[in-house]
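Colleague: I have a structure I would like to understand better, so I am pasting it below and will then ask my questions one at a time.
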Amino acid sequence: MSRVCQITGKKVISGNNVSKSKRSTKRTFAPNLSIKKFYNPETEKWITLKVSAAGMRTINKNGIVSTLKKAKEQGYL
């Protein structure tokens, strides 16, 4: 799985670079991803996730256990 957040499902999207003369060329918008280790207290193990900045905020807000459960239901993991 490359360039896809495992929590929020954010992925690369395409758009246009628009110059001053309004000339358009294709470009990609990549999500702000980083590889982080999180401790899962249920299984007492560390898990490595490729997660976006928004995904990290979600984990901090809701907790790792409930966030992983929701991501599995939505098919991101």
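Colleague: Identify, please: which residue in region 1-47 is in contact with a Cys (Cβ under 9 Å, 6 or more places away or on another chain) and in a strand (DSSP E or B) and is, among those, nearest to ILE59 (Cα to Cα)?
Modeller: LEU33
Colleague: May I ask you to list pairs of residues, at least six apart or on different chains, whose Cβ atoms are under 6 Å apart, with the first in region 13-28 being without any contact (Cβ under 8 Å) to a residue 12 or more places away in the chain and the second being hydrophobic (A, V, I, L, M, F, W, C) and surrounded by 10 or more Cβ atoms within 10 Å (Cβ to Cβ)?
Modeller: What qualifies is SER24/VAL18.
Colleague: Let me spell it out: the conditions are (1) of a type outside the set (Val, Ile, Thr); (2) in contact with a Leu (Cβ under 9 Å, 6 or more places away or on another chain); (3) without any contact (Cβ under 8 Å) to a residue 12 or more places away in the chain, and SER52 meets all of them except one. Which number is the exception?
Modeller: (3)
Colleague: How many of the residues making up region 37-56 are surrounded by 12 or more Cβ atoms within 10 Å (Cβ to Cβ), basic (Lys, Arg) and more than 11 Å from the chain's Cα centre (by Cα)? Break it down stepwise before answering.
Modeller: Our first condition is that a residue be surrounded by 12 or more Cβ atoms within 10 Å (Cβ to Cβ); within region 37-56, this holds for 38, 40, 47, 49-56.
The next check asks that each one be basic (Lys, Arg); those that pass are 50.
In the following step, the residues that additionally are more than 11 Å from the chain's Cα centre (by Cα) were identified as none.
Number of matching residues: 0.
Colleague: Now, a different point. Restricting region 1-33 to residues that are small (Gly, Ala, Ser) and closer than 16 Å to TYR76 by Cβ, which is surrounded by the fewest Cβ atoms within 10 Å (Cβ to Cβ)?
Modeller: Taking region 1-33 as the starting set, the residues that turn out to be small (Gly, Ala, Ser) are 2, 9, 14-15, 19, 21, 24, 30.
Filter once more, so that each one left must be closer than 16 Å to TYR76 by Cβ: 2, 9.
Values: SER2: 7, GLY9: 15.
The qualifying residue surrounded by the fewest Cβ atoms within 10 Å (Cβ to Cβ) is SER2.
Values in this text are rule-based calculations from the coordinates and carry no lab data. What you see is a predicted model, and the numbers here were worked out from it, not measured in a lab. Cβ sites come from the backbone with ideal geometry, for glycine too, and all protein chains shown count toward neighbours.
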